[in-house]
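A quick write-up on the structure given underneath.
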Amino acid sequence: MNYESTRQIKTRQLYDALNQPLRSWQKVLSAILSRFDCITGTIHFLEPHTTHLKLEAHQGIPEFLIPKLSEIPIGKGMAGIAAERRQPVEMCNLQTDDSGVARPAAKESKVEGSIVVPMMLDGNLYGTLGVEKSIPYDFNQEEVGDLLNIGAEISRLISNQSA
């Protein structure tokens, strides 16, 4: 099977997970990680009427980091900064980053190529989606666009749930 057909299958599996009547955000995240060949990831939802992101799904995150990721203030760490800026925040190698964007605990995850995108719909922030690879990696424009589109679809589903 070639790369393009594998990618199409993974994309179809992702959209199948998104469109399940009894959707599991854990299954959605797993499908996203498979689609982008990533080893860890998180989905955070913006808590209504607050400035905090709450962990909704995670995969591949060491257990000792879960309490530190369970609630993130907007403006702190990669997820919080992506939410604040409403733009993707990316690091080719999280382990060698010295910008201060990644929190010290993030380096304990041992991941390298990392990106967090805001989940937006109609100018409203609904949360963040983060994926990471085990190697240094720069996500290309197409991948970033796909992640933003997935974030918009998740936002649409969240919006419909609360309506």
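The values are calculated or read from the model by the stated rules, or taken from the named source; none is laboratory data. Note that this is a predicted model, so its numbers are computed, not measured. Glycine also receives a Cβ, built like all others from the backbone with ideal geometry; neighbour counts cover every protein chain displayed.
Values as computed for the structure displayed
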read-out: Cβ-Cβ under 8 Å pairs, at least 6 apart or on other chains, the range 132-157 side farther than 22 Å from ASN19 by Cβ, far side hydroxyl-bearing (Ser, Thr, Tyr) and in a helix (DSSP H, G or I); value: GLU132/SER109
read-out: Candidate set: the range 31-40, residues that are outside any strand (DSSP E or B) and either touching a residue at least 40 places away in the same chain (Cβ under 8 Å) or basic (Lys, Arg) (or both); chosen: the one surrounded by the most Cβ atoms within 10 Å (Cβ to Cβ); value: ILE32
read-out: Residue list for the range 49-66, restricted to those being in contact with a helix residue (DSSP H, G or I) (Cβ under 8 Å, 6 or more places away or on another chain) and outside any strand (DSSP E or B); value: GLY60, ILE61, PRO62, PHE64, LEU65
read-out: Test: GLU71 is at pLDDT below 95 and of a type in the set (Asp, Glu); value: no
read-out: So ILE43, is it in contact (Cβ under 8 Å) with a residue 40 or more places away in the chain, under 13 Å from the mean Cα position of the chain (by Cα), surrounded by 18 or more Cβ atoms within 10 Å (Cβ to Cβ) and under 21 Å from VAL144 (Cβ atoms); value: yes
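Here's the yes/no breakdown for (1) closer than 12 Å to GLU132 by Cβ; (2) among the β-branched types (Val, Ile, Thr); (3) at pLDDT 95 or above:
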site	(1), (2), (3)
VAL28	no, yes, no
HIS44	no, no, yes
LYS76	no, no, no
ARG86	no, no, yes
